[in-house]
Amino acid sequence: MRTRHPISENLDSLIACRSCDLLLDRVIPPPGKVARCPRCHHVLISNKRNVIDNTLAGAISTAILMVAAIFFPFIALDEAGLHRDASVMDAIGAFADGWSAPLTIAVAAFIVVIPVTRAAALIYALLPLRLGKKPPSQAARSFRLAMALKPWSMAEIFIVGVAVALVKVTDLADVSLGPSFWAFSALIVVVVFENSTLCEWTIWRLLDPKRR
Ligand SMILES: [Zn+2]
């Protein structure tokens, strides 16, 4: 991506950096390469193959893993002959009493509701494209919602917090990790994969019939 003054007056040939707002002439990088903002090095266009396939794979994997994460046991504790299973819903409900009740809503939103909503929005917007059909009527709104929710989707951060807490708990009791724990761990890999392959500019171009 190069800067040039004055930049083009044709708005369709411009691109703005989402990180620092620098306005640039759009230059599409060669296949497999990325174009970065010269000021802050934020990725502007990632001209990778199979952007739709990879993004859909990430969204569908997130939805499946989240079902496993919610319905399977998360962790089991054994201490002095006592056994206790805990699920993710138990962890969310642990804040439900007293002044910390709003935390229940926040935790449920950040680790379950928002990641699932985001995955559903991406699947709704992109699956018809993958099947060779026209984008659905609300595809643009749906994709915009998915992008807006990205910073608030924290399922993978939850598992990092749990891992830190487990270091303390293992001193007090025998800990067994359940399928839900591994489902959340797999979500970290899926999120990293999805973030590294999702090119917003490419998908916007595919969603806009005038530019296809
Ligand atoms: Zn920038």
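Ignoring ligands, DNA and RNA, how do H83, H42 rank by accessible area with a 1.4 Å probe, largest first?
H83, H42
Keeping all protein chains in place and using 1.4 angstrom, which order do D90, D21, D78 fall into by accessible surface area, from largest down?
Heavy-atom accessible area, descending, gives D21, D90, D78.
Give me the lysines in straight-line cross-link reach of K33: C-alpha distance below 17 Å, same-chain residues under 8 apart excluded.
K48
Quick check on the chain: of the DSSP beta bridges with both residues there, what percent are antiparallel, nearest 5%?
Approximately 100 percent, going by the DSSP bridge assignments.
Count neighbours as other Cβ atoms within 10 Å of each site's Cβ, and list the trypsin sites (Lys or Arg not before Pro) in the stretch 14-71 that are DSSP loop with at most 15 such neighbours.
Within the stretch 14-71, the qualifying trypsin sites (Lys or Arg not before Pro) (loop, at most 15 other Cβ atoms within 10 Å) are R18, K33, R39, R49.
Could you state the angle between the C-alpha long axis of helix 139-149 and the longest principal axis of the C-alpha atoms of the chain, as a value from 0 to 90 degrees rounded to the nearest 10?
50 degrees
Work out the P(r) tail for the chain: percent of alpha carbon pairs separated by more than 31 Å, whole number.
35 percent
For the chain, set up a GNM with springs between Cα atoms under 10 Å and report which of G81, G161, G32 has the largest fluctuation.
Result: G81 has the largest fluctuation of those listed.
Would you calculate the separation in nanometres between label points at I157 and A109, each defined as 7 Å from the Cα along the Cα-to-beta-carbon direction?
The answer from the label model is 1.3 nm.
Pull up all non-local amide H partners of C199: gap of 5 or more, or a different chain, and H-to-H distance under 5 Å with H placed in the peptide plane.
none
Among L129, L23, L187, determine the one that fluctuates most according to a GNM of the chain built with springs between C-alpha atoms less than 10 Å apart.
Highest fluctuation among the options: L23.
Of A139, I15, T62, which is farthest on the positive side of the dipole of the chain, counting Cα position, with +1 on Lys and Arg Cβ, -1 on Asp and Glu Cβ, and the Cα centre as origin?
Selected residue: I15.
Choose one answer from S142, S100, S185: the residue with the largest mean-square fluctuation in a GNM of the chain with alpha-carbon springs under 10 Å.
Maximum fluctuation in the GNM of the chain, among the listed residues, is at S100.
Full extension from D174 to I64: what is 0.36 nm times the residue separation minus their Cα-Cα distance, to one decimal in nm?
Separation in residues times 0.36 nm, less the Cα-Cα distance, equals 36.7 nm.
Please give the charge dipole size of the chain, origin at the Cα centre, charges +1 on K and R Cβ atoms and -1 on D and E Cβ atoms. Round to the nearest 20 debye.
In total the dipole reaches around 1660 debye.
At a 1.4 Å probe radius, which order do F110, F184 fall into by accessible area, largest first?
Result of the area sort, largest leading: F110, F184.
The stretch 91-176: which trypsin sites (Lys or Arg not before Pro) are DSSP loop and have at most 12 other beta-carbon atoms within 10 angstrom?
Hits after loop and neighbour filter: K133.
Below 14 Å, Cα to Cα, which aspartates and glutamates can K150 reach? Residues fewer than 8 away in the same chain don't count.
Once the sequence-local aspartates and glutamates are set aside, what remains near K150 is E194, E200.
Counting only residues 5 or more places away or on other chains, whose amide H sits under 5 Å from the amide H of I75 once H atoms are built in the peptide plane?
Under 5 Å from the amide H of I75 lie the amide H atoms of A86, G178, each far enough along the sequence or on another chain.
The values are calculated or read from the model by the stated rules, or taken from the named source; none is laboratory data. Since we're looking at a predicted model, the values are computed, not measured. Counting neighbours? That spans all protein chains shown, and the Cβs are built from the backbone with ideal geometry, glycine included. These accessible areas exclude ligands, DNA and RNA; they are computed on the full protein's heavy atoms, side chains included. Shrake-Rupley method; radii C 1.70, N 1.55, O 1.52, S 1.80 Å.
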